[in-house]
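Worksheet for the structure shown next.
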Amino acid sequence: MITNIEHSKEAYEHICGDPVRTKKLREVMIEDEILGMAQIFKALSDPNRMKIAYLLQHEELCVCDIAAILDCSVATASHHLRHLKQMNITSSRKEGKNVIYFLKDHHVKTLITMTLEHQKERNEHE
């Protein structure tokens with residue numbers, strides 16, 4: 001007896017499926033890397049963390065400045081910065097008594113820039 005799953009797969013292969021192509025594409029997907037990419041987007045999906053990343057794209061800032069700009073507590077800003085740092089999106093350095101935060105590398109800046117461009121295009125077409 002053919003189960004629904006087997007039947008669906010069989011129907012797919014007879015109707016439109018290209019098993020060679022789908023096998024090749026399945027092999028292209030590197031699960032660990034895709035999971036890591038999803039985690040980066042998840043970290044940036046919080047509006048405050050996205051705001052912080054956007055701000056740091058323009059200028060290095062201390063936690064007090066970030067808290068003032070976002071109109072939140074230093075503790076809240078620190079929490080978001082800690083999350084971004086754990087995801088290797090931001091990094092920091094000491095300057096006297098202050099800790100200065102910045103985007104970790106150009107890839108993050110490119111990601112933010114491309115996402116902003118995409119959003120602007122979406123807004124133009126609405």
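The values are calculated or read from the model by the stated rules, or taken from the named source; none is laboratory data. A quick note: this is a predicted structure, and the numbers were derived from the prediction, not measured. FYI the Cβ positions are ideal-geometry reconstructions off the backbone, even for glycines, and counts take in every protein chain you see. Note: accessible area is taken over every heavy atom of the protein model, side chains too, but ligands, DNA and RNA are not part of it. Shrake-Rupley method; radii C 1.70, N 1.55, O 1.52, S 1.80 Å.
Structure data summary
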| quantity | calculated |
| --- | --- |
| Whichever residue in the range 105-119 is polar (S, T, N, Q) and more than 19 Å from ALA38 (Cβ to Cβ) and, among such residues, is surrounded by the most Cβ atoms within 10 Å (Cβ to Cβ) | THR113 |
| Flag for ARG82 being without any contact (Cβ under 8 Å) to a residue 12 or more places away in the chain and under 16 Å from the mean Cα position of the chain (by Cα) | yes |
| Flag if ASP71 is at positive phi, without any contact (Cβ under 8 Å) to a residue 40 or more places away in the chain and not aliphatic (A, V, I, L, M) | yes |
| Pair list, Cβ under 8 Å, 6 or more apart: the range 15-35 residue open to solvent by less than 100 Å² (accessible area, probe 1.4 Å), other residue in a helix (DSSP H, G or I) and acidic (Asp, Glu) | PRO19/GLU13 |
| Of residues in the range 86-104 being under 16 Å from TYR54 (Cβ atoms) and not in a strand (DSSP E or B), the one least open to solvent (accessible area, probe 1.4 Å) | ILE89 |
| The range 51-73: number of residues that are open to solvent by less than 60 Å² (accessible area, probe 1.4 Å) and either out of contact with any helix residue (DSSP H, G or I) (no Cβ under 9 Å at 6 or more places or on another chain) or in a helix (DSSP H, G or I) (or both) | 10 |
